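Structure, as structure tokens:
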Amino acid sequence: MSADVHPSSSELLTALHEPDRAASTLEHLEECLACRVRLSRVRRASDLAPPPGDSLQRIVEASTPLPQNLADLVSDDRDGEPQPNEIWRVGRDEALLVWVRRVFEDAVADVIPLVLDVELADQESVIVGASATPLATAAAAIVALRTHIHTGAFLNRVGVLDIGKDVTEVMTAVREGRRPSGVRVGPPINDDDDQRLEYRQALRDFLAELSPSAWLETQGDRTAGAEQRANESTANHPGGDINAIKARLGERLSGVRFIDPAPQTVAVNGDVRVTSILKVLYLDTAILVATLHGGSHSKFPDPRAIAAACQAMTLTEADVDAVAVAIPRQDWPAQLFTTAHMRAAFEVPRGTRTGPTTTLAGYGLVDTLCKHLDAAVPAWEVTEPASSRIGRTDIHEITARHARTSIGQIATEGQRARQAAKRAAWGELPAELDERVAKFVVAVINNEAVEDALTELVQGTGDD
């Protein structure tokens with residue numbers, strides 16, 4: 001095995017079972033922290049007892065040396081409840097340092113892992129100097145792995161660290177696609193073979209075991225176990241499987257995409273909770289899909305309570321425009337809340353206070369998403385002036401040809417549409433629409449005013 005290649009899972013298993021045959025793997029593990037973490041998890045997943053007194057045991061237990069001052073800070077007692085801007089040790093059999101960003105009332109904390117191996121920091125990590133921390137050593141807050149964990153996973157309070165502004169700047173920079181300003185961060189990850197990617201995944205796996213749902217299930221919470229079995233039973237119902245919902249959305253919305261969001265569970269009221277399961281992307285619109293579980297499981301609670309839970313979810317999924325909450329049964333009845341409707345507002349002109357309120361209700365999840373996304377439109381971007389080197393290229397002919405192809409596709413989709421209005425509108429497009437589009441594009445290329453270009457698109461040749 002080359003020193004530049006990380007060992008596979010089978011090679012790690014060989015190192016666990018037959019260390020005498022895995023000299024190259026053991027040598028690699030001496031240098032690679034990410035693979036040591038992977039090896040530890042493979043051993044634990046395989047339920048293997050650690051071999052005594054050999055090089056493998058030394059590798060499995062290897063970690064960054066613990067500063068003596070940190071060891072002095074760690075006590076055997078929990079020492080109260082976690083608070084924002086505090087550093088805590090969290091975990092089950094193994095422990096990890098986290099920085100607490102927020103603490104919610106339902107035993108859920110918003111945390112960011114804090115590591116002492118600052119060379120593993122990337123552009124989405126805040127590096128804190130040794131003099132600014134109670135640890136007496138430099139540390140890195142891996143903002144990219146920000147997540148929610150159960151407060152029962154907190155072990156010991158280590159100290160206070162005020163990096164809230166730096167974390168906010170990194171989060172804002174990521175959303176805006178730029179490098180953080182005024183914050184010390186690590187170098188960006190530009191290579192798929194970067195060791196930091198595997199280290200990220202190891203930390204994700206660790207934190208996933210401390211998520212609210214995973215923690216309650218492992219602790220033997222009977223209610224959580226019953227809810228999970230109920231949700232699993234609905235997955236076999238026709239139309240109730242999330243993959244079937246994706247397929248139906250794909251058939252009705254060309255170009256729709258799906259992302260698995262960071263798992264999070266938020267309390268609604270009592271034992272009723274919502275859990276994020278899917279993010280739906282279409283044009284410039286993103287919708288977070290969450291399932292409702294607990295309680296009677298047959299009807300929705302007060303919309304204001306659901307809206308508050310949805311608003312809490314958008315703190316993590318800041319790019320979403322709406323949250324759709326569904327009950328996972330039959331056709332998944334759903335309620336959708338846009339970010340505007342998650343908050344109270346004043347009506348004009350009377351000034352009456354209203355909301356939070358449901359944006360869309362009374363339909364299944366697929367219909368709800370389609371109705372909302374049908375109104376989605378892409379944002380217009382400001383473009384640079386067209387190059388003067390286009391030369392003799394016939395832009396009009398090229399644009400008209402592409403427009404005719406697109407118009408034909410729209411007409412075909414209109415014939416298959418289930419909604420009568422869409423079938424009528426898409427099946428009866430204006431005459432000479434391809435020519436109108438071509439004239440519009442040519443007008444834009446010629447740097448004409450936007451109003452004049454739009455006139456070409458709306459009025460066409462002027463005959464109608």
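Observations on the structure shown:
- Which numbered condition Glu251 misses (of (1) acidic (Asp, Glu); (2) touching a residue at least 60 places away in the same chain (Cβ under 8 Å); (3) not in a loop (DSSP other than H, G, I, E, B)): (2)
- Filtering the range 437-445 for residues that are modelled with pLDDT of 80 or more and surrounded by fewer than 14 Cβ atoms within 10 Å (Cβ to Cβ) leaves an empty set.
- The single condition from (1) surrounded by fewer than 19 Cβ atoms within 10 Å (Cβ to Cβ); (2) not in a strand (DSSP E or B); (3) not basic (Lys, Arg) that Leu281 fails is (2).
- Qualifying residue in the range 162-174 (condition: over 30 Å from Arg36 (Cβ atoms), in contact (Cβ under 8 Å) with a residue 60 or more places away in the chain and either under 22 Å from the mean Cα position of the chain (by Cα) or open to solvent by less than 50 Å² (accessible area, probe 1.4 Å) (or both)): yes
- Every test in (1) open to solvent by 10 Å² or more (accessible area, probe 1.4 Å); (2) under 30 Å from Thr172 (Cα atoms); (3) not aromatic (Phe, Trp, Tyr) is passed by Ile287 save one, and that test is (1).
- Cross-chain or 6+ apart pairs with Cβ under 8 Å, the range 3-32 first and under 16 Å from Gln195 (Cα atoms) and among the polar types (S, T, N, Q), then open to solvent by 60 Å² or more (accessible area, probe 1.4 Å) and modelled with pLDDT under 80: Thr25/Met1
- Restricting the range 239-260 to residues that are in contact with a helix residue (DSSP H, G or I) (Cβ under 8 Å, 6 or more places away or on another chain) and open to solvent by 40 Å² or more (accessible area, probe 1.4 Å), the residue that is modelled with the highest pLDDT: Phe258
- Figure legend. Inter-residue proximity from the range 414-443: first residues assigned to a loop (DSSP other than H, G, I, E, B) and among the hydrophobic types (A, V, I, L, M, F, W, C), second residues at pLDDT below 85 and buried (at least 17 other Cβ atoms within 10 Å of the Cβ), beta-carbon distance below 7 Å, spacing 6+ or different chains. Indicated pairs: Ala417/Trp426.
- Single residue of the range 313-362 satisfying the filter (more than 24 Å from the chain's Cα centre (by Cα) and β-branched (Val, Ile, Thr)) that is surrounded by the fewest Cβ atoms within 10 Å (Cβ to Cβ): Val348
- Near pairs, Cβ below 6 angstrom, 6+ apart or cross-chain, from the range 120-144 (within 23 Å of Cys35 (Cα to Cα)) to any residue that is of a type in the set (Lys, Arg) and surrounded by 16 or more Cβ atoms within 10 Å (Cβ to Cβ): Leu120/Arg196; Asp122/Arg196
The values are calculated or read from the model by the stated rules, or taken from the named source; none is laboratory data. From a predicted model like this one, the values you see are computed outputs, not experimental measurements. All Cβ positions, even for glycine, are placed from backbone atoms using ideal geometry, and neighbour counts span all protein chains on display. When the accessible area is computed, the model is the full protein with side chains, heavy atoms only, and any ligands, DNA or RNA have been set aside. Shrake-Rupley method; radii C 1.70, N 1.55, O 1.52, S 1.80 Å.
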